[in-house]
Amino acid sequence: MTWIGRGIVFGLLAFIVLGPLANLVLWAAAEQWYFPHKLPVSYGTKFWEQVFKPRGDALASLMTSIWIALSTVAACLALAIPAGYALARLKLPWRTAILLAFLMPQAFPSLAVYINIARIFYDFKLNGTMFGVILVHTVHGLVFAVWITAAAFAAVDRDLELAARNLGGSALRTFLTVSLPLAAPGIMASAIFVFLESLDEFTGTFFVGVPDVITLPLLMFTASIAGNYQIAAITALVLLVPSVAFMLVIERFLKADVLSKVGA
Amino acid sequence: MKTKVALLAFAAALAATPAIAQKINLNVVTAGDQNMVDYVKDFLAPQFEKNNPNATVKAVGTGPGDAGSQKIAEKLQAQKSQSAWDVDVAVIHQKMAGDLVREGLLAPYVRDVSTGRLVTSEASKNALGTNVTGYVIPMFQSQTAIAWNPTLVKAPPKNYDELAAWAKANPRKFGYNGIKGGMSGVAFVVGWVYANTPDSDRLMKGPYDAATKANWDGALGKLKEFNRTVVITPGNAGTLDMLNRGEIAMGPVWVDMFYTWMADGKLPPNMRLQLIGPGMPGQPMYYVIPAKAANMAAAKKFVEMATSPQVQAEGIVKKFNWYPGIDAQHVKAQLDDKTWNKLFVDVTPQELAAKGKTFPIKPYFDDILESYERKVLN
Amino acid sequence: MRDSGRLGPLLVAPALLMVLALFVYPLGYSLVTAFEAKGGGFTFGNFAKAFEFYSVDIGFTLVIVGLSTLLIALASIAIGGYLTLGENPRAVALLRWLYRWPLFIPFVVAAQCMRSFLAKNGLMNNTFVALGILEVDQTTGFLDWRGIVITFVWKQTPFVALLVAGAMASLDRSTIEAARNLGATRLRILFEILVPQVMPTLVVGLILSFVTMMSVLSVPLMISGESPTMMTVDMAFRINNYGDYGTANALGFISYLMTAACAWFYLKRSIR
């Protein structure tokens, strides 16, 4: 294939992949943009000021989103590290069934489930609370957390653990000083994954959180539906920053041998 | 023993502190588009907080259309058994107001606020067939009309039949949001049914007869045909957005949203409105106070302030381009002629009186929406 | 290492309970409520209503998600194939950098991008007009079911491509070399040697994508005006406007059936 041919194909691909993103950036920088102009009529930071004003919704939603995401990560790790270790190293009855149970949230379209969670939460007065939203995000994140953590622990060289036990260390001490540090990169990766999933989560929060808990994705959605494209674009960019940062860093944490053990 | 006495004394002292000195968080929950939330947050809240320094107003929006009001109803229903509810003031649509009054979830507060005597309209007494006297004060009266672009449309249609013909001749140049994205589309559909069935007065006033909906097959069939020639937009704002970008030349809009978007530079200044015959619906949104609101006194003060002639003039008419909720003469006295008349540039008071309709009574309203889903969408 | 056999289940229990309580239980609730009449009791009425109101949307959901899955499969194979068989290292590196961008964009943001990108006078059409490919009045907006397909394909392809490329990279290169030596074209190698061997991975990726797409609410809500649209929008509409859990759960049940059917179909094909 000549470079001209390659050029056209890659040009098209770049347009397809980066075009919509470029559109977002343009709207974030635009102040006025209407037909028939192909590019914004005027650029400016007026809408950035509006989005980030102290009494504004965006900062509050950002704080809400981050707080929920951090809590979700904490909850997920607290649940997934023991579970992952058990799945990787310990005897478990019905091991396949348990693995399948953890796969369930990914196997069923979750919208109907969210609708019913909201209804159940009504009875427990959890609807519209941060705690309720954190619970929903945690279940959603557990799938990844457990599978990746299990793979991370499985990838730790058994000989190292055996050596530590032979030297007289207890099971707990071995876990804390050998297994956990060695599995740390994989666990970090799953933590970041869970964080991002929670930050970007929309559907569950739409049913369980509204109208009291407004996360950044919900704010973006409302702005978009109301036709406020500038505000929607700016909030979208704020949402993207952690995701893109993760994408650029992911190589370091998810080594090939960890990935290959996912699903083992 | 001494500590016990001290503690008791402390508690008594606390309890004796007058309530007004305590910090109050007033929860105002409003259905409707973002402009409603902005109205509470940016206009009403600062004024109320200035006059009541111990109060903070928290404004929450539940979204446009009946879904937003449904969310508020669900919140109240979920708290039914508790002694104090977390919604102090709510702004809801007519349909839900009727339901909530019947379920006993609202307080009959109108007799306790001074502005109650300033509103005598039919809308303040009757919500789609349910008697709501004493429970509601209209926040504003809104009206839908067809927005049209003079550069793309030479002469706007005068009624629904002409509109259908125009849409057929100019495919995909008319747009509305169906019944799912917002109330402007719902209003359009209701207007269509009024125009294409013989007995629209009965739809608006009752009595209800379940057999009536069988007569709508012809009208709905024509609407299905019509839908093939038009664009379905993603919501109230979606219609305005497409009008702005010149993607459609005409579409139903709320008069207030139309003027607000134009003032914000989001709509070309040469756009016009046309209220087509035999009429298009409008609706009030109501201020209501839940029966067990946690801050009942502050809630009443809030509504009193929001329905005072000055606030109605400054906020409702001047800033947000709505028709006032309390009787017009009280508000008109507070404004100069120019500001008052800007509401009536394209839609004159006579046209409003003749062609501004109400929505149908609730059972008919539900029937229309269901029939649309069954016959037009499927 | 002495393993009492009791520690394992104990460590797994909290996480398992979480999933059981907050997913499996509501799932069961959903399945049961689908058959529940308004006053209690067993009925098929919800399904009748769902079909009466939303048969078009149910059909279209299948079309939208099916078409998207097909396009994703083709695109992923193409990308994976080029990454494995590409001759020019610079082009391969460029592709590897380029194709991953949509992977970490959440659906909400992707929908927002596409909302103004795909509009009649949006960036895409404006670019075509500026390049002289289209006239102004020839532009069409894609803000309907086609926009939904485009957004899904745009967002999910990198995920499946990542899996497929990884699987292809770990294949034994000797078969590829042998085929090249015998004079096979790269296209033939792709379809006759690579794809059959990565089929299991491809199928897993496609099934996961299918389920994901069936769960998404933001994309159809923001891109498509009304009908035909996806069932998720109708379910949200039933709940938010009417509190009609019966019909919404009936629609949910139908979506489970569709997913199960698709998974069964894919798995059967791949385990030939």
Among residues of region A:56-97 being of a type in the set (D, E, K, R) and in contact with an Asp or Glu (Cβ under 9 Å, 6 or more places away or on another chain), the residue farthest from A:Leu142 (Cα to Cα) is A:Lys91
Given the criteria within 10 Å of chain C (Cβ to nearest Cβ) and not in a loop (DSSP other than H, G, I, E, B), does A:Ile115 qualify?
yes
Name the helices (runs of 4 or more DSSP H) wholly inside region C:5-104 in which the number of residues that are at the interface with another protein chain (Cβ under 9 Å from one of its Cβ atoms), more than 30 Å from A:Gly84 (Cα to Cα) and free of Cβ contacts under 8 Å to residues at least 12 places away in the same chain is 1 or more.
C:45-85, C:89-98
Take the residues in region C:106-146 that are of a type in the set (D, E, K, R) and at the interface with another protein chain (Cβ under 7 Å from one of its Cβ atoms), then tell me which one is surrounded by the most Cβ atoms within 10 Å (Cβ to Cβ).
C:Arg115
Mind telling me which of the residues B:Trp216, B:Trp261 ends up being closer than 15 Å to B:Tyr364 by Cβ and in a helix (DSSP H, G or I)?
B:Trp216
What tally of residues in region C:116-160 results from selecting those that are in a loop (DSSP other than H, G, I, E, B) and charged (D, E, K, R)?
3
Just checking, does region B:263-283 include any residue being at pLDDT 90 or above, more than 22 Å from B:Asp33 (Cβ to Cβ) and out of contact with any strand residue (DSSP E or B) (no Cβ under 9 Å at 6 or more places or on another chain)?
no
Criterion violated by B:Gly63 - all others in (1) within 14 Å of chain C (Cβ to nearest Cβ); (2) part of a helix (DSSP H, G or I) satisfied:
(2)
For region C:227-236 the number of residues that are at the interface with chain B (Cβ under 9 Å from one of its Cβ atoms) and either surrounded by fewer than 24 Cβ atoms within 10 Å (Cβ to Cβ) or modelled with pLDDT of 85 or more (or both) is 5
Filtered residues of region B:156-172 (kept if touching an Asp or Glu at 6+ places or on another chain (Cβ under 9 Å), assigned to a loop (DSSP other than H, G, I, E, B) and either of a type in the set (Phe, Trp, Tyr) or modelled with pLDDT of 90 or more (or both)):
B:Pro156
For region C:199-215, check the following and say yes or no: at least one residue is hydroxyl-bearing (Ser, Thr, Tyr), without any contact (Cβ under 8 Å) to a residue 24 or more places away in the chain, surrounded by fewer than 24 Cβ atoms within 10 Å (Cβ to Cβ) and facing chain B (nearest Cβ under 10 Å).
no
Out of all the residues in region B:311-320, is one or more modelled with pLDDT under 90 and in a loop (DSSP other than H, G, I, E, B)?
yes
Exactly one of (1) surrounded by 23 or more Cβ atoms within 10 Å (Cβ to Cβ); (2) modelled with pLDDT under 90; (3) assigned to a helix (DSSP H, G or I) is unmet by B:Ser184. Its number?
(2)
Quickly run through region A:79-104 and pick out the residues that are within 7 Å of chain C (Cβ to nearest Cβ), of a type outside the set (A, V, I, L, M, F, W, C) and surrounded by 14 or more Cβ atoms within 10 Å (Cβ to Cβ).
A:Pro82, A:Tyr85
Across region C:240-270, which residue is surrounded by the fewest Cβ atoms within 10 Å (Cβ to Cβ) among those that are of a type in the set (S, T, N, Q) and modelled with pLDDT under 85?
C:Ser270
Name the one entry in B:Gly61, B:Gly104, B:Gly134 that is within 30 Å of B:Phe258 (Cβ to Cβ), in contact (Cβ under 8 Å) with a residue 24 or more places away in the chain and not acidic (Asp, Glu).
B:Gly61
Residues of region B:126-150 being over 11 Å from B:Tyr286 (Cα atoms) and in a loop (DSSP other than H, G, I, E, B), in sequence order, are B:Leu128, B:Gly129, B:Thr133, B:Gly134, B:Asn149, B:Pro150
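The values are calculated or read from the model by the stated rules, or taken from the named source; none is laboratory data. Note that this is a predicted model, so its numbers are computed, not measured. As a convention, Cβ positions derive from the backbone with ideal geometry for all residues, glycine included, and neighbour counts pool all protein chains shown.
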